[in-house]
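*Asks:* Mind having a look at this structure? Questions to follow.
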Amino acid sequence: MKILLFKELDSTNNYAKKLAKEGVRGVVIVAERQSSGRGRWGRVWYSDEGGLYFSLILDVKTCNPEVINILTPICVLETLKKYLPNNNKDKIGIKFPNDIMVYVNGRYKKICGILTERCGDRVIIGVGVDVNNTIRKEIEEIAVSLKDICGKEIDKMELLNEILKLLEDYITKIKNKELNEDNILSIYRRYSLTIGKFVKIMLPNNRYVSGKVYDIDLDGIILGTERGIEKVPSGICFHLR
């Protein structure tokens, strides 16, 4: 994939959308900083220098967006796992739908967020990884950087290239029918921190639904609620203690 590097952008996803509308695909946009980084539903994503912020433009004709949505966190997790100290390698997982969490100092903290958006016949995958950046005080209880965990700075471009290579390898195996959607879902479920948990999910209409998570598939999360079994396609997920 061709990589475009920028010192600063408002948002790598915004720039990717602009290119996608011009027919571009197979490109990765990387920024040292984002002035208006955002997560799902427009939530603020702090994008200070030292983090890894990038967006990919893929063609939906060759990549099922629903599969890519669960495949991307798998690739980020499996790459980050290589960098973690031995005592943390089995303490990393995915919080629904695609937040990467690492267990440090007695709790799980977020190290990566992923935002997937459609733009015509393109899918934009935005990834923000806290690598060498200093975590701001207002979020230090819920976020952590790879540098904080490893005790040393990490080569961001090396990390990026490893994530991209792994993603390309998975996509190639899917195209060659060496892997299918069920295989990818099985891997995702193995890494899931959400299955089996009691959660509260905020829906787009600001309604909340709570229950125990029985499963996750390409269409969303399957909850056991007081009303019975419900499938929730999208939302902000909160694990309940």
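The values are calculated or read from the model by the stated rules, or taken from the named source; none is laboratory data. Values in this document were obtained by computation on a predicted structure and should not be read as measured data. Because the Cβ atoms are built from the backbone with ideal geometry, glycine has one as well, and the counts that use them run over all protein chains shown. Calculation scope for accessible area: heavy atoms of the full protein, side chains included, ligands and nucleic acids excluded. Shrake-Rupley method; radii C 1.70, N 1.55, O 1.52, S 1.80 Å.
*Asks:* Does at least one position in the range 139-152 carry a residue that is in contact with a strand residue (DSSP E or B) (Cβ under 8 Å, 6 or more places away or on another chain), basic (Lys, Arg) and more than 23 Å from Arg25 (Cβ to Cβ)?
*Replies:* For the range 139-152, residues in contact with a strand residue (DSSP E or B) (Cβ under 8 Å, 6 or more places away or on another chain), basic (Lys, Arg) and more than 23 Å from Arg25 (Cβ to Cβ): absent.
*Asks:* Moving on. For Trp45, indicate whether it is open to solvent by less than 70 Å² (accessible area, probe 1.4 Å) and modelled with pLDDT under 90.
*Replies:* Yes; evaluated as a whole, the condition is true for this residue.
*Asks:* List pairs: first in the range 155-172 and polar (S, T, N, Q), second at pLDDT below 95 and surrounded by 12 or more Cβ atoms within 10 Å (Cβ to Cβ), Cβ under 8 Å, 6+ apart or cross-chain?
*Replies:* Hits for this filter: zero, empty list.
*Asks:* Looking at this structure, is Val104 farther than 30 Å from Ile174 by Cα, at pLDDT below 95, among the hydrophobic types (A, V, I, L, M, F, W, C) and open to solvent by 40 Å² or more (accessible area, probe 1.4 Å)?
*Replies:* No.
*Asks:* Further question: Give me the pairs, please: first residue somewhere in the range 184-206 and free of Cβ contacts under 8 Å to residues at least 60 places away in the same chain, second residue anywhere and of a type in the set (Gly, Ala, Ser) and buried (at least 17 other Cβ atoms within 10 Å of the Cβ), beta-carbon distance under 6 Å, and either six or more positions apart or on two chains.
*Replies:* Ile201/Gly235; Met202/Gly235; Leu203/Gly235
*Asks:* Right, next: Being of a type in the set (Lys, Arg), farther than 18 Å from Lys95 by Cα and either exposed (fewer than 15 other Cβ atoms within 10 Å of the Cβ) or in contact with a helix residue (DSSP H, G or I) (Cβ under 7 Å, 6 or more places away or on another chain) (or both) narrows it down to one of Arg190, Arg207, so name that one.
*Replies:* After ruling out the rest, the residue left standing is Arg207.
*Asks:* Under the condition of being under 19 Å from Glu32 (Cβ atoms) and out of contact with any Phe, Trp or Tyr (no Cβ under 9 Å at 6 or more places or on another chain), which residue from the range 132-147 is least open to solvent (accessible area, probe 1.4 Å)?
*Replies:* Ser145
*Asks:* Please return the ranges of strands (runs of 3 or more DSSP E) entirely within the range 85-201 where 2 or more residues are more than 20 Å from Gly51 (Cβ to Cβ).
*Replies:* Fully inside the range 85-201 and qualifying: 107-119, 122-129.
*Asks:* Okay, next question. Considering only the range 10-22, state which residues are within 17 Å of Gly128 (Cα to Cα) and either basic (Lys, Arg) or without any contact (Cβ under 8 Å) to a residue 40 or more places away in the chain (or both).
*Replies:* Of everything in the range 10-22, those that are within 17 Å of Gly128 (Cα to Cα) and either basic (Lys, Arg) or without any contact (Cβ under 8 Å) to a residue 40 or more places away in the chain (or both) turn out to be Asp10, Asn14, Lys17.
*Asks:* In the range 115-125, is there at least one residue being open to solvent by 40 Å² or more (accessible area, probe 1.4 Å) and under 19 Å from Ala31 (Cβ atoms)?
*Replies:* Yes.
*Asks:* So, one more: Of all residues in the range 202-225, which are farther than 22 Å from Pro65 by Cα and in contact with a Cys (Cβ under 9 Å, 6 or more places away or on another chain)?
*Replies:* Across the range 202-225, the qualifying residues are Met202, Val213.
*Asks:* Only one residue in Lys152, Lys175, Lys231 is open to solvent by 40 Å² or more (accessible area, probe 1.4 Å) and in contact with a Gly (Cβ under 6 Å, 6 or more places away or on another chain). Which one?
*Replies:* Matching residue, one of Lys152, Lys175, Lys231: Lys231.
*Asks:* Within the range 17-34, is there a residue that is at positive phi and among the polar types (S, T, N, Q)?
*Replies:* no
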